[in-house]
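Comments concern the structure below.
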Amino acid sequence: MFKNISRDKWLLVWVIIGFFIIMFDQNISLGRINPYPSYKTDDGYSLEFQVYSLNYMYGAGCETSDVDGMFMGDVYYQLTFDVVPDLLGFVILAVFLKKMAKFSRLFSIASVMSWFGVGLYLFIHLMPFFLNGMALTYMSFWLAIAMYGTEVITGYVFICGICDTLSGFEHRTARRSISIAWFGTAVLSAVLCVLRWISIISPALLVTYEILLIGVSALYYYFIMRESDFIVREKVIGEQEDL
């Protein structure tokens, strides 16, 4: 089956893999092991906000009261392992979107955005070595939004590139289907970001939205691959593959 996929189609497959890696966040906690300098809890600000923001980015935790379940004490880091790190997804996107620039210059712009995502990811994970307290908490909160924004903008420019390759009235339905499916993944991803930030949310609710996101994303990728012959323009430049 895979032997029948052309080199240009493989570029598209790798791009889809990159987006899926970014979408799929599955962190495994390895216990209360401090990979960063100890966090200095600021009692003058909301402890919940500090825990939520640092847990989302760095897997931080805090002791809770046995009576009402409220956070108490100092915030501490936990060592977490990301099964498929966003860094890998952004690198894959940056490399293969650049290769797809021969089909639309918009793919090259999406590649640049992916490299920005790589830099942002590295900056976020080095930040605890240089910042602490509420300065780190606020930066984590806003950079988490910036990271999501980078993912959305990269995906949007990619979709614009897809629509650019599917120009013409005959592809109108395909463009609409792909755009609507992508919008659904962006909305569900935003909901999941909020749910993951609120670390005390019901696991069942989180899993429900994750299943919905996987389902809508699968439909979105199916729509793209269904039009892959036209996206990579094999009917026009396919003969050049042997050159």
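Descriptive notes on the structure:
- On the stretch given as region 134-172, residues that are free of Cβ contacts under 8 Å to residues at least 40 places away in the same chain and among the hydrophobic types (A, V, I, L, M, F, W, C) total 9.
- For region 159-185, taking the residues that are of a type in the set (A, V, I, L, M) and surrounded by 16 or more Cβ atoms within 10 Å (Cβ to Cβ), the one that is farthest from Met23 (Cα to Cα) is identified as Leu166.
- Flag for Met139 being closer than 29 Å to Val51 by Cβ, assigned to a helix (DSSP H, G or I), among the aliphatic types (A, V, I, L, M) and open to solvent by 40 Å² or more (accessible area, probe 1.4 Å): yes
- Within region 219-243, residues that are open to solvent by 40 Å² or more (accessible area, probe 1.4 Å) reach partners that are at pLDDT below 80 and of a type in the set (S, T, N, Q) with beta carbons closer than 9 Å, at six or more positions or on different chains, in the pairs Glu234/Ser6; Glu241/Ser6.
- Arg196 being over 14 Å from the mean Cα position of the chain (by Cα), charged (D, E, K, R) and open to solvent by 20 Å² or more (accessible area, probe 1.4 Å): no
- Conditions (1) surrounded by fewer than 17 Cβ atoms within 10 Å (Cβ to Cβ); (2) at pLDDT 75 or above; number of the one not met by Ile21: (1)
- Residue within region 34-54 that is assigned to a loop (DSSP other than H, G, I, E, B) and either under 30 Å from Ile214 (Cα atoms) or at pLDDT 85 or above (or both) present: no
- Verdict on Met57 being aliphatic (A, V, I, L, M), open to solvent by less than 70 Å² (accessible area, probe 1.4 Å) and either modelled with pLDDT of 75 or more or out of contact with any helix residue (DSSP H, G or I) (no Cβ under 6 Å at 6 or more places or on another chain) (or both): yes
- Some residue of region 169-188 being modelled with pLDDT under 90, in contact with a helix residue (DSSP H, G or I) (Cβ under 9 Å, 6 or more places away or on another chain), assigned to a helix (DSSP H, G or I) and closer than 23 Å to Val112 by Cβ: no
- Of everything in region 193-243 that is among the small types (Gly, Ala, Ser) and within 20 Å of Ser179 (Cβ to Cβ), the residue that is modelled with the lowest pLDDT is Ser228.
The values are calculated or read from the model by the stated rules, or taken from the named source; none is laboratory data. Here the structure is a predicted model, which means the values were calculated and not measured. In this analysis, Cβ positions are derived from the backbone assuming ideal geometry, glycine residues included, and neighbour counts consider all displayed protein chains. For accessibility, only protein heavy atoms count, side chains too; no ligands or nucleic acids. Shrake-Rupley method; radii C 1.70, N 1.55, O 1.52, S 1.80 Å.
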